[in-house]
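J.: One structure coming up, written as structure tokens, with questions to follow.
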Amino acid sequence: MSTESFICLDGGQVNQIASDHHPEVTLSLVIPTFNEAENIPTLIRRLNHLLDENHISHELIVVDDDSPDKTWEIAREMTEEISSLRVIRRVGESGLATAVVCGWAHANGKFLGVIDGDGQHPPELLLDLLSKFDEEVEVAVASRHLPGGGVPNWSSMRRLLSKGAQALGLLLLPGTVGRVTDPMSGYFIVDRKAIAGCDLQPVGYKILLEVLARGKINKVAESPYYFQLRESGSSKVRAIHYLHYLRHLLRLRVDPLRSQALVRYFGVSLIALVIDAVFFFWIFEGVGWNLTRSALLSGEVGIIFTILLLDLWTFAGRPARNFTDRFRRLLGVQIALGILLVGRLILINALITWTTLEAFTVFLIVLIGTSPTGHLLGSRLTWRPTRR
Ligand code: GDD
Ligand code: MN
């Protein structure tokens, strides 16, 4: 913890956040900036006024990466006028997400937040986000993808890229990306104790991903908002940031702490596969049902086991909010795997017709070939705790 109003950091990244906070500071709000000289004065005044008016003790921490337009200097000059304002100038360092971690590492508040420095995030929403912590959540996220929110001025290209990035994230990191409707959000507040002591090593823009993946997060709340037009200057998002995003996803994916979950995904897949095969063998060879009926029944038995295992084992740490929610998830898996089963039956029959392979061999080939993808897709796309 520190309280200097101006800090200049020359090299050295910070990635740990202390667990103790100043008893008198409720919110530490980090404003990462790069060439926002024209936007920053208005935003700081608006934020300070809003929080003062609502009696929220706070500090505003501008983290500027040595902007050529001297954003840091303009902000520093304002520290005399606004006592809650602090400025960090990082020299020789860049990146939105690491700037946020750096700001939090120097913060004193109980709650740690982030807001863009260009006015695209409406400050008033902060009150709504803060109120979420009354309900024992660890993170409150401003979302553009809830009813009541949106992105008014994006080109269809950027919309498409954003959707694609989200879908990719869902496939690679369903347990992280699937927890919120707007995983790309750069506007949120987290309870310090949820990330204190964690090793935060984000790459690129998406600091929320890092918080959701590495933090001790039980409950997440979201509030809708409209992404405003930029007041001045232009977005710093470049093609390279999509690569950063991919690197970030992969880095979180291979993290040893998280691979346990992967073992459970494949474990379920494997157990269901064995049950399916044994059951098929029994009714096809033993009872003497025909191929399609045997494969259909054994497939359904496999699905029921999958559902039970996912619910009681793989996702046990993420219980459903209520019965309807739980039922909807289970039905989702049933539907996804049911469709896969139909595809499997068609494939089995086609192979029987066109090849000279034996029925049981065909069954096994198709089962083994389709099962991992099916289970992964089915369980991941339907197991999104905050899906609405
Ligand atoms: N310190 C620092 N270093 N700040 C940076 C850097 C950097 O390398 N790059 C960008 N920023 C600052 C900008 O000055 C701005 O205040 C904020 O980070 C967001 O950057 P923009 O370039 O305006 O991003 P955007 O508007 O396209 O997207 C933002 O909002 C989205 C919606 O919440 C980002 O925050 C996205 O991550 C987010 O999805
Ligand atoms: Mn912006």
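J.: For region 91-118 and region 119-173, what is the separation of their Cα centres, given in Å?
T.: 18
J.: Considering only protein heavy atoms, what per residue accessible area in square angstrom results for the chain with a 1.4 angstrom probe?
T.: 46
J.: Follow-up question, since we're still on this one. Roughly how much of Val263 is accessible, in Å² to the nearest 10, using a 1.4 Å probe?
T.: 100
J.: Another question, then. Based on the mean of other beta carbon atoms within 10 Å per residue, what is the order of 153-162, 228-237, 28-37, most packed first?
T.: 28-37, 228-237, 153-162
J.: Using alpha carbons only, how many degrees (0 to 90, rounded to 10) separate the axis of helix 256-281 from the longest principal axis of the chain?
T.: 20
J.: When Lys and Arg each count +1 and Asp and Glu each count -1, what net charge do the other residues less than 12 Å away from Leu246, Cβ to Cβ, add up to?
T.: +4
J.: Give me the percent of DSSP beta bridges within the chain that run antiparallel, rounded to the nearest 5.
T.: 20
J.: Per DSSP H run of n ≥ 4, the term is -39500 (n - 2.57); total these for the chain, divide by its residue number, and report the mean residue ellipticity at 222 nm rounded to 500 deg cm²/dmol.
T.: -15500 deg cm²/dmol
J.: Tell me, what is the percent relative contact order of the chain, built from C-alpha pairs under 8 Å that lie six or more residues apart?
T.: In percent, rounded to a whole number, it is 17.
J.: Along the Cα→Cβ direction, 7 angstrom out, place labels at Gln201 and Asp325. What is the inter-label distance in nm?
T.: Rounded to a tenth, the inter-label distance reads 3.3 nm.
J.: Compare the peptides 197-203, 20-26 by average per-residue count of other Cβ atoms within 10 angstrom and give them in order, highest first.
T.: Listed from highest to lowest mean packing, they are 197-203, 20-26.
J.: A further question follows. So what is the relative contact order of region 260-382, in percent, for Cα pairs below 8 Å that sit 6 or more residues apart?
T.: Contact order relative to length: 32 percent.
J.: How much net charge surrounds Met78 when only the other residues with a Cβ under 11 Å from the Cβ of Met78 are counted, with Lys and Arg +1 and Asp and Glu -1?
T.: Summing Lys/Arg as +1 and Asp/Glu as -1 gives -1.
J.: In a shell of Cβ-Cβ distance under 10 Å around Ala37, excluding Ala37 itself, what net charge do Lys and Arg (+1) and Asp and Glu (-1) give?
T.: Combined, the nearby Lys, Arg, Asp and Glu give -4.
J.: Cα axis of helix 156-172 to longest principal axis of the chain: angle in degrees, 0 to 90, nearest 10?
T.: 60
J.: Sticking with this one: In whole percent, and with a 1.4 Å probe on the protein chains, what portion of the accessible area of the chain is carbon and sulfur?
T.: Roughly 61 percent of what the probe reaches on the chain is carbon or sulfur.
J.: Could you state the angle between the C-alpha long axis of helix 96-105 and the longest principal axis of the C-alpha atoms of the chain, as a value from 0 to 90 degrees rounded to the nearest 10?
T.: Result, in degrees: 70.
J.: In straight Cα distance, which lysines are under 23 Å from Lys206, not counting same-chain residues fewer than 8 positions off?
T.: Here the lysines satisfying the reach criterion relative to Lys206 are Lys110, Lys132, Lys163, Lys193, Lys216, Lys219, Lys236.
J.: Select from Glu73, Glu138, Glu81 the residue whose mean-square fluctuation is largest in a Gaussian network model of the chain (Cα-Cα springs shorter than 10 Å).
T.: Most flexible of the set in this elastic network: Glu81.
The values are calculated or read from the model by the stated rules, or taken from the named source; none is laboratory data. Since the structure is predicted, the reported quantities are computational estimates derived from the model, not experimental observations. Note that we place each Cβ from the backbone using ideal geometry, even for glycine, and neighbour counts take in every protein chain shown. Only protein heavy atoms, including side chains, enter the accessible area calculation; ligands, DNA and RNA are left aside. Shrake-Rupley method; radii C 1.70, N 1.55, O 1.52, S 1.80 Å.
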